[in-house]
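First comes the structure, then the notes that go with it.
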Amino acid sequence: MTLSKKLAQQQLLRSRNEARFSSPPVTVIDESAPSLSPTDPSTIELGLEKLRRRFRTPPPDQEPSSVSVSVQPYETFADALEGDDGDAFLRHVSHSPFGLDDQQEAAWIRRLVQLLCAHGETADPRSVIFLDTETTGLSGGAGTVAFLVGVGRWSGSGFTVEQYLMRDYNEERAMLLGLRESLADAQVLVTFNGKAFDIPLLQSRFVLARQRWPLAGAVHLDLLHPARRIWKLRLGSCSLANLESQILGLERENDIPGHLIPQVYFRYVRTRSAHGIGSILSHNRQDIETLARLTLRMGEIFSGQASEELAPVDLFSAGRYAHALGERELAVRWNEEALLRGLPADREVEATKAKAARLKEQKKYSEAAELWRDLSERSEAFLEDVHEELAIYHEHRKGDLEEALSLSDRALAHLQDKTAQKKWRHRRDRVAMKLARRKPAEATLLFQNQS
């Protein structure tokens, strides 16, 4: 496909999305009406009334009913709450039957928090909150505002999402006060890319509003980073939408594209037309539920109970991640299983190297040497690190100086880098010197035996 066709296709898709979520007001001009002078009192009063309507925050009982969206099987309600300074904001609550099915799932969450956050205390799953924001832009800075903040948590009967929506900019302080009360008892915060975007943005808004940040003592688990460590090799893109589709097997219907969300909100502030606001609330709620489901999925994986459901490449990635986290037994088991189930050639080499390294740590040098030798013989490319491990083994462990010298010569024949050549030349000279010292001693011993 040519570049011009790609651009045309993107433009067509953008226009369709804008048509779905935009309804520009139609201005009807009555040409029969008499024209009024700009200085006419009725004209001035009409203009003032337009300005009043534009900047007036509608009272709670006039909030458009379309803001409260009821999507089965979710039970929802919306109410307007008043902050300490008199400004109101909208709180939208969704309750779904998706919850913690048993104690095992609660144990998965505790295990995940302890492992990824180095959190020694046992976290209560009902004190874990899932947070996501919808903002007026992605650039950050003082001009970017989080106009919608969603907070999800498990309750006794399911999963509840509270969404705090500021209907105009003067409601931000009241919204933040309501949000602060909701986050007061949180012990663990779960986000997706929240460390880089959502949380710094909210912290700056709390500072500008002269309010205390309520999550200062909470442990923060950002799922983006462990998701990349486990699934990036296979999936490439680890966006929340792709993980939702590829890992959780969920597909959204009629979801609003993320790049249209600021545009819909700006139109709502300007015209008070709530068309599209319900789609934003639904999008935010689904993001939060996906966070909760993804947390359960990762907790199940790191509890060692879902390895058979992972693809071999994912299992290999999870093994590397477990090793970095200090979970050696889990790392060895996953690496072995990935090798048995079959990996692409490049990943098989990495997994075999990792297995040999574990054997070396356990002082099983001969078994590790067999793996290194097998890699060296099967690989078409020259593996310098494998050759180095074999040279060390033969020189220091087995005492086979002839083989160590041969490996050094082979490495010098393949390498072009001057630094690497210098290192291997030094190794070769050392081995050759040891060999020269050993041979006279062997000749003297042979002469004594003959006499």
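Can you run down the residue pairs with Cβ atoms below 7 Å, 6 or more apart or on separate chains, where the first is in region 223-246 and touching a residue at least 60 places away in the same chain (Cβ under 8 Å) and closer than 27 Å to GLN114 by Cβ and the partner is outside any helix (DSSP H, G or I) and open to solvent by 50 Å² or more (accessible area, probe 1.4 Å)? The qualifying pairs do not exist here. Would a scan of region 394-413 turn up a residue that is outside any helix (DSSP H, G or I) and either under 39 Å from the mean Cα position of the chain (by Cα) or touching a residue at least 24 places away in the same chain (Cβ under 8 Å) (or both)? No, every residue in region 394-413 fails to be outside any helix (DSSP H, G or I) and either under 39 Å from the mean Cα position of the chain (by Cα) or touching a residue at least 24 places away in the same chain (Cβ under 8 Å) (or both). Could you pull out the residue among GLN114, GLN103 that is modelled with pLDDT of 85 or more and among the polar types (S, T, N, Q)? The unique qualifying residue is GLN114. When the residues of region 279-288 are filtered to those that are touching a residue at least 60 places away in the same chain (Cβ under 8 Å) and open to solvent by 10 Å² or more (accessible area, probe 1.4 Å), the one that is nearest to ILE109 (Cα to Cα) is ASP287. Tallying residues that are part of a loop (DSSP other than H, G, I, E, B) and surrounded by fewer than 19 Cβ atoms within 10 Å (Cβ to Cβ) within region 146-179 yields 5.
Residues of region 205-263 that are part of a helix (DSSP H, G or I), touching a His at 6+ places or on another chain (Cβ under 8 Å) and hydrophobic (A, V, I, L, M, F, W, C): ILE261 alone. Looking across GLY342, GLY399, one residue alone is out of contact with any strand residue (DSSP E or B) (no Cβ under 7 Å at 6 or more places or on another chain) and either modelled with pLDDT under 90 or under 30 Å from GLU309 (Cα atoms) (or both). It is GLY342. Just one residue in the set ALA318, ALA322, ALA292, ALA331 is in contact with a Leu (Cβ under 6 Å, 6 or more places away or on another chain) and crowded, with 19+ Cβ neighbours inside 10 Å; that residue is ALA322. If you check ASP85, ASP132, which single one turns out to be in contact with a helix residue (DSSP H, G or I) (Cβ under 8 Å, 6 or more places away or on another chain) and modelled with pLDDT of 70 or more? It is ASP132. When the criteria are applied in full, GLY258 fails the requirement of being under 19 Å from the mean Cα position of the chain (by Cα), under 26 Å from ALA338 (Cα atoms) and surrounded by fewer than 19 Cβ atoms within 10 Å (Cβ to Cβ).
The values are calculated or read from the model by the stated rules, or taken from the named source; none is laboratory data. Note that the structure is a prediction, hence the values are computed from the model and not measured. Because the Cβ atoms are built from the backbone with ideal geometry, glycine has one as well, and the counts that use them run over all protein chains shown. Calculation scope for accessible area: heavy atoms of the full protein, side chains included, ligands and nucleic acids excluded. Shrake-Rupley method; radii C 1.70, N 1.55, O 1.52, S 1.80 Å.
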